[in-house]
1. Name the long-range amide H neighbours of ASN273: under 5 Å, sequence gap of 5 or more, or other chain; modelled H, no Pro or chain starts.
2. At a probe radius of 1.4 Å, what is the per-residue accessible area of THR158, in Å² to the nearest 10?
3. Mean projection of the alpha-carbon convex hull of the chain over all orientations, in nm²?
4. Under 5 Å between amide hydrogens, which residues at least 5 positions from LEU127 or on another chain qualify, with H placed 1.01 Å from N in the peptide plane?
5. How big is the convex hull of the Cα atoms of region 87-191, per residue, in Å³?
6. So how much accessible area does GLU15 have, in Å² to the nearest 10, using a 1.4 Å probe?
7. What does the extension gain come out to for ARG120 and VAL25, with contour length at 0.36 nm per residue minus their alpha carbon separation?
8. Step through the residues of region 120-137 one at a time and calculate ³J(HN,Hα) from phi using the Karplus curve (6.51 cos²θ - 1.76 cosθ + 1.60, θ = phi - 60°), rounding each to whole Hz and writing x for Gly and Pro.
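The values are calculated or read from the model by the stated rules, or taken from the named source; none is laboratory data. This one's a predicted model, so the numbers in the text were calculated from it and none came from an experiment. With ligands, DNA and RNA removed, areas are computed over all heavy atoms of the protein, side chains included. Shrake-Rupley method; radii C 1.70, N 1.55, O 1.52, S 1.80 Å.
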Amino acid sequence: MISARQLEVLCAVIEVGTTSGAAEVLSVSQPAVSNMIRHMEDQIGLSLFVRERGRLEPTPEALHIAQEAQHLFMQQKRVDKIIMGLKGGTIGRLNIVATPSIGYGILPQVLAEFMKPRPRLQLSVELGSVDEIVERLVSGRSDIGLSITRPRHTGLSTRPMAEGQMVCVCPAGHELALSQQVRVVDLNHVQHISYAAHTPLGQMVDAVFVEAGIERRFFCEVRHTSTALEMAASGLGVALVDSFAVLGRHRPEIAIRPTHPRLPVTVHAVTSNLFPTANIAIRFQQFFSEFVQGATPPA
């Protein structure tokens, strides 16, 4: 079987007309070129060149082979370009699964910037619970998961990507909007939209009330902070949401206030140990962290 290197030598000799010229173009010795042409002729059983007036004239068979070789070289360049694109994270496919607060909040902003230099990159974005994130990652259907709650699964790896905090959101004209800071326990005195006691966020908020010796009260229970945010924005009450749900977004219909005590939260990148992490997913993790660090904090 003729190698790509042999075809490259053949095409070079056809182009310049001499083995010495082809050797210079290819940065090899003239004897190496001559030997390779001779070996090709022996290998395929055809004459490839005839010498006329000091030049090597290709036979019709050589021209036909060289013409077909050009298609191979074009395909090789295309493959090289694809490889460079994959290494550079500009092509391919990125499959993301995120919790709703991240998916409706900061993620679209991050992706809008991430995609600007990557117009050929294909995206798949799914939103779901922590259990759904685990299921998609261990089955190989997603490359990366984004969650505030850290999944516990032996087949997954997690790393912190961005630090934030819970903030109090309320309708713009609400009494709590007059405060510079909202005490968490004061939420018992208003229409409080909150989370079930068995959820990680509910347990975080409950810990504040337990320390104060007070039982937490709320009139509406929700599963996701994105739901709590939209209900507060509709005037239904007051809620604690993670800062990533409002980061970099202008929401004039709500007031956003820090809490006392401060309730820190972290966005985790979650990847599967069962499958190799795609290069584009690794690049996205770094981009996400840098974007959040430079984003306008909620105010």
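1. LEU156, SER157
2. For THR158, the solvent-accessible surface is approximately 40 Å².
3. Details: hull surface 87.5 nm².
For the chain, the mean projected area of the Cα convex hull comes to 21.9 nm².
4. Those qualifying (amide H under 5 Å, at least 5 residues apart or on another chain) are ALA98.
5. Considering the Cα atoms of region 87-191, their hull volume per residue is 160 Å³.
6. Here the residue's solvent-accessible area equals roughly 150 Å².
7. Working: separation 95, 0.36 × 95 = 34.20 nm, distance 3.47 nm.
Once the chain is fully extended between ARG120 and VAL25, it gains 30.7 nm.
8. In residue order, the calculated couplings are 8, 6, 9, 10, 9, 10, 10, 10, x, 6, 4, 4, 5, 4, 4, 4, 5, 6 Hz.
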